[in-house]
Amino acid sequence: MKKSMKILASAVAAVALFVSSNTQAQVNDGDSRATRLGVGLNLGIPTTDGFNFAIGGDLRLQKDFSGNLSGLLSAGYTNFSPENDALDNIGYIPVKAGLKVFPVSKFYISGELGAGFGATEGQKTAFVWSPGIGYGFNNGVDVGVRYEEFTRDGGSLGQVALRLAYGFRLR
């Protein structure tokens, strides 16, 4: 079942990115050159056997390039908790850059790539990628869902995560 979640998440992300690239969008009510800082809480269901939940937080800087395209820089912390005491918690500090595309007002499709720096003993740096979708409300609240995978040394650790965030307008 874990493998089917990865395939489903990848397929949904690929279709969403394809559809968004062919959509003419009128988005962002107001300033299309805004800069925002978002503070988010991430709650995840691991797609890797042996882990039962993931939790983390992040800071995300978003710079609007046009009415329907924004750049992203994010950093945070993610902790994967094991199902039993045979495994240890695994923590990563993901640092990512990406894009957010708005095919329709307030609804977005995002993609980020970066590095996940091992934060627990014995963890090495991993490649991290995360496609997602979400909705940004006028009051600064942002709700999104993403698939996120940390890959290193031929293995991977993934999650389907819900991100609840609040964005502050910087300029």
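The values are calculated or read from the model by the stated rules, or taken from the named source; none is laboratory data. Fair warning: this is a prediction, and the values are worked out from it, not measured in the lab. For neighbour counting, all protein chains shown are included, and Cβ atoms are generated from backbone atoms with ideal geometry for every residue, glycine included. With ligands, DNA and RNA removed, areas are computed over all heavy atoms of the protein, side chains included. Shrake-Rupley method; radii C 1.70, N 1.55, O 1.52, S 1.80 Å.
Taking 0.36 nm per intervening residue step and subtracting the Cα-Cα distance, what contour gain separates residue 33 from residue 153 on full extension? Walk me through the intermediate numbers first.
Values: separation 120, 0.36 × 120 = 43.20 nm, distance 4.00 nm.
Stretched fully, the residue 33-residue 153 segment lengthens by 39.2 nm.
Summarise the accessible area of the stretch 96-139 (1.4 Å probe, protein heavy atoms) by the percent that is carbon and sulfur. Can you show the working numbers first?
Details: 1390 of 2100 Å².
Ligands and nucleic acids excluded, carbon and sulfur give 66 percent.
Under a crude label model (7 Å from the Cα following the beta-carbon direction), how far is residue 84 from residue 171 in nanometres?
Those two pseudo-labels are separated by 5.5 nm.
Sticking with the crude label model, points 7 Å out along Cα→Cβ, report the distance from residue 63 to residue 105 in nm, one decimal please.
2.7 nm
Enumerate the calculated ³J(HN,Hα) couplings along the stretch 70-77 in order (Karplus 6.51 cos²θ - 1.76 cosθ + 1.60, θ = phi - 60°), each rounded to whole Hz, writing x wherever the residue is Gly or Pro.
In residue order, the calculated couplings are 10, x, 10, 10, 9, 8, x, 9 Hz.
What list of ³J(HN,Hα) couplings, whole Hz, do you get for the stretch 35-43 from phi and the Karplus terms 6.51, -1.76, 1.60, once you set θ to phi - 60° and write x for glycine and proline?
10, 10, 10, x, 10, x, 10, 10, 10
Keeping all protein chains in the complex and leaving out DNA, RNA and ligands, what accessible area do you get for residue 93 with a 1.4 Å probe, in Å² to the nearest 10?
70 Å²
What spacing in nm lies between the two simple spin-label points modelled at residue 127 and residue 45, each 7 Å away from Cα in the Cβ direction?
Going by the 7 Å Cα→Cβ label model, 2.7 nm.
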